[in-house]
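Asks: Dropping a structure here in structure tokens format, bear with me for questions.
The values are calculated or read from the model by the stated rules, or taken from the named source; none is laboratory data. Just so you know, these numbers come straight off a predicted model, no measurement behind them. Here the Cβ positions follow ideal geometry from the backbone for every residue, glycine too, while neighbour counts run over all protein chains shown. Remember, those area values only see protein heavy atoms, side chains included, never the ligands or the DNA or RNA. Shrake-Rupley method; radii C 1.70, N 1.55, O 1.52, S 1.80 Å.
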Amino acid sequence: MAPPLTAVLRCYSLLPHLRSLRFPFHRLLLSTSNSISDQSDFEVDHPIASAPDDDSELSFFLHRLSSAASAASSPKEALSLLLSSSDPVPPPSSPSLLVRALWELRRDPDAAALALRYGDRCGSVDGAEGDEPPPPPQVEAWHLVIWTAGKARRFDLAWAVVRRMRCRGVLTRRAMVILMERYAAANEVSKAIKTFDVMEKFKVESDQTVFYCLLRALCKSKNIEDAEELLLLRKKFFPLTAEGFNIILDGWCNVITVVAEAKRVWREMSNYCITPDGRSYTLMVSCFSKTGNLFDTLRVYDEMKKRGWTPGIAVYNALVYVLTKENCMKDAHNIFSKLIDEGLHPDVETYNSMILPLCESRQLDEARMMMERMTIEGIVPGISTYHAFLKQEGIEESLKLLRRMEEDGCGPTSDTFLMLFDKFFLLNEAGNALRVWNEMKRYDISPTRSHYMTVVQGLAKHGCIPRALEYYDEMKENGFASDTQLDKEFKAFLLANRDHWRGAGKYNIIPQRGKHFIRRSQMR
């Protein structure tokens, strides 16, 4: 998992420069959604540079890029300033440095596009220097800008990069797949499909592999019905296979767990004479396990073995989970031992498959024993492991777990604190929720609007209106949007209790116009 953006910027001392990277000709605020459909494999897998390039050179390049962008009224003018200024900006000295610069600019598509254009003109993207033949093109830079533009829904900019790649002779299938993924994430299903259809016009092969990439992108963004319809509509061009149906099954089993739909797709495979493979059985076992259906989980597992497919670690994890959830602890431990006998190595998910249901049923002593066992085996607990305990523990134990999370390098994250706020307000422990708020600062987690709203609404619900107003004012002072419903409730409270806050007052929901204010007005 990639480290947070602020941590990366702090390492490079680039934060002041990047905060100033704003284009006067196009200002754009990007959302920071963490939903599954708004995340790309490109972001998760991209190696955030521990490259040998000099960080001072990277910082200087981004600073000059920012200066040119601020002084220009258009991207074209900014590029001209970079190329023709009296103090010309040296291009990135290596293709990897350009990629690192683009990664730092991934929140600003216009700045990333400018950096790419400049690098392209100077030969950094293609590696051309003078009359020497260029080395193999650095396509990752192009891919990164397409992904950046698509994530910001600047598809006009993404297509401009694609067309430039075509002119330069470096257009790849991966570039088109990234564009399809971004359209799918934006719920632009028809445009994602159209992108696939125009690949041949761009002289890029659109084979079955790319087609399956499109289906995966649609399923990942929860457009599973559209993916299934497309799979069947294109069966003349791309014959139906177990792999294709598995993509749809994965959508119904993992992206959205709907057993009825998974069963239907399973029957459709039979109707089209498609024999399920090991992956198909693994998905169905996982689906039944998630819903606590012990009978069908074991039935599909037995059928899988009869068909000659060897269960993998994912199958055993699902069995451990459903057996633990149904309180069949002896059988769960037997499965745990069996997978070791089969030569498989338990991982974090294996232990979580037992720890999570144990925590849910408040069998915390057994869960702690499993956690101790996994640490003895050298397996570091994951964030979901800690979250399972945090949902059940009291305030003191929760604070200890937060410190242990930090020691293990797996948090706590913004979502960790949101979960704790919800838990303590639900338990009517507003004081503990505020202790967690103060603890959040210790871990350098900056409150988001979601944090503020959760605390404000929780305090208001428990009758701590004055304290809720303080956090609400702080939220607005930090630039977050107000809430219409809360504004109405707070105004009603202040009007009903006006005598408690005469004069200017500290709360800025409504002006405090008491009799002292009237007297001063009359004197003037």
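Asks: Scan region 202-227 residue by residue and report those that are open to solvent by 20 Å² or more (accessible area, probe 1.4 Å) and over 29 Å from LEU171 (Cβ atoms).
Replies: LYS222, GLU225
Asks: Within 24 Å of the chain's Cα centre (by Cα) and closer than 22 Å to ARG279 by Cα - does that describe any residue in region 227-245?
Replies: Yes: region 227-245 contains one or more residues that are within 24 Å of the chain's Cα centre (by Cα) and closer than 22 Å to ARG279 by Cα.
Asks: With ILE335, ILE379 as the choices, which residue is out of contact with any strand residue (DSSP E or B) (no Cβ under 7 Å at 6 or more places or on another chain), surrounded by fewer than 21 Cβ atoms within 10 Å (Cβ to Cβ) and among the β-branched types (Val, Ile, Thr)?
Replies: Answer to the selection: ILE379.
Asks: When you look at LYS263, is it farther than 17 Å from LYS222 by Cβ and surrounded by 15 or more Cβ atoms within 10 Å (Cβ to Cβ), yes or no?
Replies: yes
Asks: Find all pairs meeting these conditions: Cβ atoms under 8 angstrom apart; at least six residues apart or on different chains; first residue within region 406-431 and on the phi > 0 side of the Ramachandran plot; second residue in a loop (DSSP other than H, G, I, E, B) and open to solvent by 20 Å² or more (accessible area, probe 1.4 Å).
Replies: What qualifies is GLY409/VAL380; ASN428/HIS462.
Asks: Restricting to region 155-192, what's the tally of residues that are open to solvent by less than 30 Å² (accessible area, probe 1.4 Å) and in a loop (DSSP other than H, G, I, E, B)?
Replies: 2
Asks: Could you tell me which of the residues LEU240, LEU231 is open to solvent by less than 70 Å² (accessible area, probe 1.4 Å) and part of a helix (DSSP H, G or I)?
Replies: Working: LEU240 fails: part of a helix (DSSP H, G or I).
Exactly one residue qualifies, and that residue is LEU231.
Asks: Here is a follow-up. If you check ASP302, ASP277, ASP341, which single one turns out to be of a type in the set (Asp, Glu), over 25 Å from LYS220 (Cβ atoms) and at pLDDT 95 or above?
Replies: ASP302
Asks: Also: Tally the residues that are part of a helix (DSSP H, G or I) and modelled with pLDDT of 90 or more, restricting the search to region 442-459.
Replies: 11
The rows are residues; the columns are (1) at pLDDT 75 or above; (2) open to solvent by less than 70 Å² (accessible area, probe 1.4 Å).
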position: GLU57; (1), (2): yes, yes
position: PHE60; (1), (2): yes, no
position: ARG64; (1), (2): yes, yes
position: LEU81; (1), (2): no, yes
position: SER93; (1), (2): no, no
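Asks: Mind checking which pairs have a first residue in region 435-448 that is under 12 Å from SER414 (Cα atoms) and a second that is acidic (Asp, Glu) and at pLDDT 90 or above, Cβ under 8 Å, 6 or more apart or different chains?
Replies: Close Cβ pairs (under 8 Å, with a partner that is acidic (Asp, Glu) and at pLDDT 90 or above) amount to TYR443/GLU406.
Asks: A further question follows. Kindly indicate the residue of region 467-484 that is under 23 Å from LYS423 (Cα atoms) and free of Cβ contacts under 8 Å to residues at least 40 places away in the same chain and also farthest from the chain's Cα centre (by Cα) among those meeting that condition.
Replies: Across region 467-484, the extreme among qualifying residues is ARG467.
Asks: Mind listing just one residue for me: the one in region 382-433 that is over 26 Å from ALA460 (Cβ atoms), within 26 Å of the chain's Cα centre (by Cα) and acidic (Asp, Glu) and, of those, least open to solvent (accessible area, probe 1.4 Å)?
Replies: Restricting to residues being over 26 Å from ALA460 (Cβ atoms), within 26 Å of the chain's Cα centre (by Cα) and acidic (Asp, Glu), the top hit is ASP408.
Asks: From LYS263, LYS290, which residue is without any contact (Cβ under 8 Å) to a residue 12 or more places away in the chain and either β-branched (Val, Ile, Thr) or within 28 Å of LEU339 (Cβ to Cβ) (or both)?
Replies: Only one candidate qualifies: LYS263.
Asks: When you look at PHE288, is it within 21 Å of LEU358 (Cα to Cα) and surrounded by fewer than 16 Cβ atoms within 10 Å (Cβ to Cβ), yes or no?
Replies: Here the answer is no, as PHE288 does not meet what is asked.
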